[in-house]
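The next block holds one structure in the form of structure tokens; read it before the comments.
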Amino acid sequence: MARAPNGRAGLPETARYVGRLGDCQGHSLGGAYATLTYGEFLRRLPTAPFNSYDFGDLCTLGAPRTCLEPFASEVALCTSPTAAKKQLFRLVNQEDPVPTVPPPVGASLTENPFIHVGGAWRLTGSDEGGGAVTMGDEPPAAPPQPILDVIWNLKDHKLSDYYASWQKTDHS
């Protein structure tokens, strides 16, 4: 067996990772892309060449609403506790407005019927004891705001905000 320069076994040892893809992860718009990509992988899993890959879980941070039905239901079925060993983690920081975009309120519901896939963990601030609280499928309704106000007044949305909130949670 060949040895790598660091003394570890070479190709034969690493060959067990062939066909294994990592987890899908993303923050903000990257979380939206990760959700859509992950859902498409799940949809195509029974067909070649996807059936030869074992890909991981989905984790998004502060992602906007991304999809319509039946896409959300299909992904939820594939990531349910009784389904395959796939899991979906959607983290929402306490006052991050991005997960509420686009807002499904009133007349805009027919114009913007976008929803989230699965439930979420809402990261709470230190004033609430600093923890992670299970949410339903959708964040609480927020009054519609002009998009420029949302962009310029972002709170709790930066990746560093998510990291700081995660550090305050009991996630052991």
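Summary table below
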{"read-out": "Single residue of segment 28-61 satisfying the filter (in contact (Cβ under 8 Å) with a residue 60 or more places away in the chain and touching a Phe, Trp or Tyr at 6+ places or on another chain (Cβ under 7 Å)) that is surrounded by the most Cβ atoms within 10 Å (Cβ to Cβ)", "value": "L61"}
{"read-out": "Subset of segment 115-129 that is open to solvent by less than 70 Å² (accessible area, probe 1.4 Å) and over 10 Å from Q94 (Cα atoms) - its residue that is modelled with the lowest pLDDT", "value": "G129"}
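The rows are residues; the columns are (1) at pLDDT below 90; (2) surrounded by 15 or more Cβ atoms within 10 Å (Cβ to Cβ); (3) of a type in the set (D, E); (4) part of a strand (DSSP E or B).
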residue	(1), (2), (3), (4)
A63	no, yes, no, no
E69	yes, no, yes, no
S80	yes, no, no, no
K85	yes, no, no, no
F89	yes, yes, no, yes
V92	yes, yes, no, yes
D96	yes, yes, yes, no
P103	yes, yes, no, no
T110	yes, no, no, no
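The values are calculated or read from the model by the stated rules, or taken from the named source; none is laboratory data. Worth saying up front: this structure is predicted, and the values here are computed from it rather than measured. A quick note on method: Cβ atoms are made from the backbone with ideal geometry, for glycine too, and the neighbour counts reach across all protein chains shown. Calculation scope for accessible area: heavy atoms of the full protein, side chains included, ligands and nucleic acids excluded. Shrake-Rupley method; radii C 1.70, N 1.55, O 1.52, S 1.80 Å.
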